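Peer 1: Shown below is the structure under consideration.
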Amino acid sequence: MKVYKLVRIKNNKLYSLFINRNEELVMGKWLIAKLFNTKGFKERKGWHCCVQPIAPHLKMELSNGEKRIWVECEVKGYITFNRPKNQGNLWVLSDYIKINRIIDDDI
């Protein structure tokens, strides 16, 4: 299934926004989801993705200079669940993800 994930970009490397945010996300390689307990977040193992590159509740650039971009991915072993419209509607939670390409025109 093709999905989209919003990620951080730093020094031309990709990272998750919130959970396990210091581990690089390598493009073109299947990555397995692991459970990381993170204060302030519900414990839910899996890669969180959207079926469209839309997440109005999240900023693309932060005041600290952090930049976020969308990547197109493939997932395996997934479930879908509904989210509010302002959070992009349908989300995917997957056991495996492979980042195929950056879809941000500015990169």
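The values are calculated or read from the model by the stated rules, or taken from the named source; none is laboratory data. Model, not experiment: these values are computed from the prediction. Glycine gets a Cβ as well: all are built from the backbone with ideal geometry, and neighbour counts include every protein chain shown.
Peer 1: Among the numbered criteria (1) at pLDDT 90 or above; (2) more than 11 Å from Lys5 (Cα to Cα); (3) under 13 Å from the mean Cα position of the chain (by Cα), which one does Glu66 miss?
Peer 2: (3)
Peer 1: Give the residues of the stretch 6-28 that are of a type in the set (A, V, I, L, M), under 24 Å from Glu43 (Cα atoms) and either assigned to a strand (DSSP E or B) or touching a residue at least 40 places away in the same chain (Cβ under 8 Å) (or both), sorted by residue number. Even if it seems obvious, please write down each step before you answer.
Peer 2: Keep residues of the stretch 6-28 that are of a type in the set (A, V, I, L, M), which gives 6-7, 9, 14, 17, 19, 25-27.
After this cut, where a residue has to be under 24 Å from Glu43 (Cα atoms) as well, the list is 6-7, 14, 17, 19, 25-26.
Listed by number, the residues that qualify are Leu6, Val7, Leu14, Leu17, Leu25, Val26.
Peer 1: In the set Ile79, Ile99, which member is outside any loop (DSSP other than H, G, I, E, B), out of contact with any Phe, Trp or Tyr (no Cβ under 9 Å at 6 or more places or on another chain) and exposed (fewer than 13 other Cβ atoms within 10 Å of the Cβ)?
Peer 2: One residue alone meets the criteria, Ile79.
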